[in-house]
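The values are calculated or read from the model by the stated rules, or taken from the named source; none is laboratory data. If you're wondering where the values come from, they're calculated on a predicted model, not measured in any experiment. Every residue, glycine as well, gets a Cβ built from its backbone with ideal geometry; the counts of neighbours run over all protein chains shown. Remember, those area values only see protein heavy atoms, side chains included, never the ligands or the DNA or RNA. Shrake-Rupley method; radii C 1.70, N 1.55, O 1.52, S 1.80 Å.
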Protein chains: 2
Amino acid sequence: MNQIKSILAELRKMKNIALILTAAFLAVFQTSCMKQVPKRKELQFIFPKGNLGPAQNFTGNAWATSLVANDSTYNTVVGNVYFEPGARSNWHTHPAGQILIITDGVGYHQIKGQPRETIRKGDVVKCPPNVMHWHGASPEIGMLQMYILPKTEKGIVTWLYKVTDEEYNNENK
Amino acid sequence: MNQIKSILAELRKMKNIALILTAAFLAVFQTSCMKQVPKRKELQFIFPKGNLGPAQNFTGNAWATSLVANDSTYNTVVGNVYFEPGARSNWHTHPAGQILIITDGVGYHQIKGQPRETIRKGDVVKCPPNVMHWHGASPEIGMLQMYILPKTEKGIVTWLYKVTDEEYNNENK
């Protein structure tokens with residue numbers, strides 16, 4: 001009977017070891033594996049985040065990087081903007097228009113007098129010369145966008161007033 | 001003694017169960033977790049792959065997508081090219097020059113008479129008007145690049161002859 005008691009004691013030790021091993025295994029699985037499946041997809045940055053845009057021209061945080069500076073050979077300015085969720089530009093115009101290329105995320109673009117458009121990774125939108133528009137991120141997901149300003153001999157940008165929360169939130173406005 | 005034999009039999013069964021559980025766990029770990037770590041990073045496409053460029057203008061496979069078609073408002077053409085590893089354009093010129101923006105991968109750009117440059121994700125390079133150049137992927141890694149052609153009222157492109165293997169492989173040429 002003593003032998004049987006000893007064996008039972010050993011079995012109990014084995015059970016405890018099994019429980020500890022299972023817990024350790026689950027912990028390793030969670031840290032080494034689950035980390036690779038982020039709950040929310042991060043935006044893919046191609047260029048540096050850049051510098052925070054001035055508060056008088058933007059609502060929320062918009063970060064800008066220059067990619068092509070103005071010169072008389074190409075007369076083209078190119079840059080990249082990262083709009084944090086909820087961030088947007090003021091209303092503004094470009095003397096020769098603007099081309100926007102969305103490289104990641106989700107955002108909005110609105111031309112004055114037209115409905116707000118939702119724009120996503122891979123979309124290309126244009127705003128004609130001297131027409132008022134604004135662009136920015138959606139409330140929940142940020143937006144990475146490149147901009148191209150052609151014919152810079154005509155000028156770059158004229159900044160106007162803030163986009164109100166009502167304008168930002170109303171897709172039919 | 002019969003009781004001890006029974007206990008030993010139970011212990012052997014437990015050992016077998018432990019082995020089966022370990023094998024099953026490793027199999028699950030490998031399929032659900034290891035798949036998320038590809039051996040080689042795939043290029044991040046922003047735009048559709050597009051159509052295969054004509055063999056008379058390219059060596060290897062180069063896929064092109066139009067993003068902004070030519071018009072008289074913006075006078076700017078924008079597109080995206082995916083060069084498979086080893087693929088490159090012919091030598092060519094643009095009447096108003098060209099801006100290249102590398103969005104992923106590794107490639108080469110060479111302006112006639114200058115050394116071959118290696119270009120990577122996030123790089124921006126320019127080729128002046130009426131200057132011969134070629135661009136393409138590195139031998140091992142493909143390249144995704146956007147191109148901007150300004151001042152299209154001056155024209156788009158003049159295609160010239162093939163880039164030889166010697167030119168492609170010689171970084172000092």
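Scanning region A:131-149 for residues that are among the β-branched types (Val, Ile, Thr) and within 19 Å of A:Ala64 (Cα to Cα), which turns out most open to solvent (accessible area, probe 1.4 Å)?
Selected residue: A:Ile141.
Let's see how each residue does on (1) over 19 Å from A:Arg120 (Cα atoms); (2) part of a loop (DSSP other than H, G, I, E, B):
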| residue | (1), (2) |
| --- | --- |
| B:Gln44 | no, yes |
| B:Pro48 | no, yes |
| B:Gln56 | yes, yes |
| B:Trp63 | yes, no |
| B:Ser66 | no, no |
| B:Asn70 | yes, yes |
| B:Thr73 | yes, yes |
| B:Pro85 | yes, yes |
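Kindly indicate which of A:Gly79, A:Gly113, A:Gly107 is among the small types (Gly, Ala, Ser), buried (at least 17 other Cβ atoms within 10 Å of the Cβ) and more than 14 Å from chain B (Cβ to nearest Cβ).
Only one candidate qualifies: A:Gly107.
Working only within region B:115-125, note down all residues that are touching a residue at least 24 places away in the same chain (Cβ under 8 Å) and in a strand (DSSP E or B).
B:Thr118, B:Ile119, B:Val124, B:Val125
Assigned to a loop (DSSP other than H, G, I, E, B), within 14 Å of chain A (Cβ to nearest Cβ) and over 26 Å from A:Thr103 (Cα atoms) - does that describe any residue in region B:130-138?
Taking every residue of region B:130-138 in turn, at least one turns out to be assigned to a loop (DSSP other than H, G, I, E, B), within 14 Å of chain A (Cβ to nearest Cβ) and over 26 Å from A:Thr103 (Cα atoms).
Out of A:Ala55, A:Ala87, A:Ala69, report the one residue that is modelled with pLDDT of 95 or more, buried (at least 20 other Cβ atoms within 10 Å of the Cβ) and of a type in the set (Gly, Ala, Ser).
Unique residue meeting the criteria: A:Ala87.
So A:Pro128 fits all but one of (1) in contact (Cβ under 8 Å) with a residue 40 or more places away in the chain; (2) over 23 Å from A:Asp165 (Cβ atoms); (3) surrounded by fewer than 21 Cβ atoms within 10 Å (Cβ to Cβ); what number is the exception?
A:Pro128 satisfies every listed condition except (1).
Consider only pairs whose beta carbons are under 6 Å apart and that are at least six residues apart or on different chains; among these, list those whose first residue lies in region B:150-167 and is open to solvent by 70 Å² or more (accessible area, probe 1.4 Å) and of a type in the set (Asp, Glu) and whose second residue is outside any helix (DSSP H, G or I) and at pLDDT 95 or above.
B:Glu153/B:Asn75
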